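Below is one structure, written out as structure tokens; comments come after it.
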Amino acid sequence: MTFDITFAVRGMSCVSCSRAVEESLGRLPEVKYVSVNLGGGKVYAVTEGEPIWENLAAAVSAAGYTPLEEPPGEDEEAAMFQAALRRTLLAWAAALPAAVLMILHMSGMHIPWLTGAEILAGFAVLLGPGRHILKGAWTAVSHRHANMDVLVSLGTIAAWTTALLAFFHFPIWSFGAMAPLLPAFHLSGRLLEERLRHRAGADLRALTSPEGGKVNLIKNGELIAVPLESVEVGMRIHIRTGERIPLDGRVISGGGGVSEAMISGEPLPVAKSVGSEVTGGTVLESGLLEVEVTRTGEDLFLSRMIALVEQAQGVQIPLQALADKISGIFVPVILCLACVSFGSWLLFYKYLQPLLMWAVLILPWIPADAGPWTIAVFAMVAMLVVACPCALGLATPMAVSVGSGLAARRGLLIKGGEALQTSGELDVLIFDKTGTLTVGRPSVVFSSLSDPDRQAAAALEAHSIHPLARAIAGWAQSFPGSEKDLPKVENVSETAGEGISGLVNGVPYTVGRPNSGTESSGTRVEVTRNGLPAGHILLKDAVKPEAAAAVAALLKQGVRPIMATGDGEGAARETARLVGIPENDVRFSLKPEDKLRLVQSFQQQGLRTGMTGDGINDAAALKASDVGFALAQGTDLSMEAGDVIITRGGLEKIVLALKLSKLMARKIRGNLIWAFGYNIVALPAAALGLIHPLVAEAAMSVSSLGVVLNSLGIRRGKGARKE
């Protein structure tokens, strides 16, 4: 049996770090799948058997990073940000004077003590705020991998070494001013990147309670404010008007109206009284409630929602495959290329100098006539700091994090990153009818049953959760004299797509699909007694108000809508006409295996096929489809089989999912093009000595920030702003 686990990791700064964690965890025999989301600092793993935290933590520690069973809270993150801000400001306090002196020197002013000042400033930054970078580099190297900290550290030490060599009159220009400036730029870029990553997770954090984790606990008749995490199942809590219900529970006293828009999309408050269930995260708009807690921690509805979203953010998607392959060897390759560049300038300086003399007319910072040692160090340092594996590593995780978090706020739980990508590539979308295109509350409009047979049918249908069964049971009980207990039922058996059967007072009855293809304008349910027809029931179900608009939007996007239902031809064609599905795309009288074969037939034609449903009979087709859309009010089996769960709202959310998917895919492609393009242009230019190391460090930071900002653009994209 497999288990999923998601946990946080502290200390990762680039894709090389996350890859080292993946490889270390992947070596554990019980880990069957692992993916690290660099953007969110989270690990998602699938293990054979229940995960052993000590083993997972040891593997992460072996890679040089800190595993966290619980992610850091808002207060801890704020403290970490303040510490990073202090480091950055201290770095600039030493770097800015060095930069001013460098500019004055380059403008022609003679400053005899400049080299000594550069040595001191670089030393102060390396042992002060830059120590954080050196520590990250040492952690990586001591655990046999290299990351961005290694590149920046080497570049900084190389620049500082030139100041020492120049101080002792070695024939080389001093680039000592870059020793404090490179860490300052790097720390600034990382600070901004971390802030933007925090913004990217805002949609997911908005799903949780904003009240700071305090709960009014009822103890000995008094109210005591206690931390949320200290509340246990069985305790009683007090909720006042306007407060968010912090935990799942059952009302034991009081009453009021609760807004459940977060779950169901229903804008009007739902009345709650003694015995009613309440869900953590919903809001009490009026009244007072005393609630007995029934679920805490990971069992909470909201916690399960967030866990699903975090799993989606952790699962890699096809668009990331090439970036991952390149990122895995990126830093070692850059180190080799920087050494090659250094050696080439030492060996071939006199042959390459004419290129520099021409380039200096356009790029005045190039030390064209400074000699081979100076230009060799200049090019090597520029190559070390201009390279940016972070942009490649963030390209997909950042877009997935923003996209899945936004989807969750809009009422869509997307179980996997691949579903986020594939949703926007669908060619065909198959719809179930009852409960999906229709409201799922059919009503009986005709019956040919006798009173005893009606009661027998109601007794059987009371054992089913199918919308038609609930309608028949309710209808049968509404007749005068039906208030008494239903007949005794034994040996109940329900077959998905067929119906339900059993012994009613010892007599075999079956309620379900008619054996003949009898035409009707509604849904026909046949009742048999002792294997012989006892009569039939005719039901009609109203079409969902948003169904026609959703189908029209899909057609506009080039997605072919198909209806697949177990109902008869008349009811199917009538519903299809009302929602706008073409007549030749209606499939009726289907069994669950027929729906599965329908999905597979489209896939065999090379078409990306989605399925939307809410019942047991849809589960196989949902699982087999490229993307399965399940309704939260449907069966547990259909939600388990679905890739996307619509937690609130209706079919318009499917259209939103397709829009978000296309937008996210565009952003990922844009991120990858930017990340690849930047490195393809910047690295050769740095190797040729055309980029100043300070410009290189600034460009490296901008490349990562560009990926993050582009990903945040998903929240501003067309359709993303609409609830």
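The values are calculated or read from the model by the stated rules, or taken from the named source; none is laboratory data. This structure is a prediction, so every number in the text was calculated from the model and none was measured. Ideal geometry is used to build each Cβ from the backbone, glycine not excepted, and the neighbour counts take in all protein chains shown.
Side notes on the structure shown:
- Residue in region 522-538 that is farthest from residue 444 (Cα to Cα), counting only those that are at pLDDT 90 or above and polar (S, T, N, Q): 530
- Annotation note: Cβ proximity below 6 Å between a residue of region 418-435 that is at positive phi and a residue that is at pLDDT below 85 (sequence gap 6+ or interchain) occurs for 435/467; 435/614.
- Positions within region 229-258 being β-branched (Val, Ile, Thr), without any contact (Cβ under 8 Å) to a residue 40 or more places away in the chain and not in a strand (DSSP E or B), in sequence order: none
- Among residues of region 61-87 that are under 15 Å from residue 18 (Cα atoms), those with a Cβ under 6 angstrom from a residue that is of a type in the set (Gly, Ala, Ser), sequence gap 6+ or separate chain, pair up as 62/24; 63/20; 63/24; 65/11; 66/11; 67/57; 68/8.
- When region 580-605 is filtered for residues that are part of a helix (DSSP H, G or I) and either out of contact with any strand residue (DSSP E or B) (no Cβ under 6 Å at 6 or more places or on another chain) or within 22 Å of residue 514 (Cα to Cα) (or both), the ones remaining, listed by number, are 583, 584, 592, 593, 594, 595, 596, 597, 598, 600, 601, 604.
- Of the helices (runs of 4 or more DSSP H) lying entirely inside region 292-411, those containing at least 3 residues that are within 37 Å of the chain's Cα centre (by Cα), at pLDDT below 85 and under 30 Å from residue 45 (Cβ atoms) span 301-314, 321-359, 389-409.
- Taking the criterion of being assigned to a helix (DSSP H, G or I) and buried (at least 22 other Cβ atoms within 10 Å of the Cβ), the residues of region 671-693 that qualify are 671, 675, 678, 682, 683, 686, 693.
- Checklist (1) under 27 Å from residue 593 (Cβ atoms); (2) not in a loop (DSSP other than H, G, I, E, B) applied to residue 425, failing item: (2)
- Restricting attention to region 613-637, the residues that are more than 21 Å from the chain's Cα centre (by Cα) and either of a type in the set (S, T, N, Q) or modelled with pLDDT under 80 (or both) total 12.
- Condition met for residue 100 (within 20 Å of residue 695 (Cβ to Cβ), surrounded by fewer than 24 Cβ atoms within 10 Å (Cβ to Cβ) and not basic (Lys, Arg)): yes
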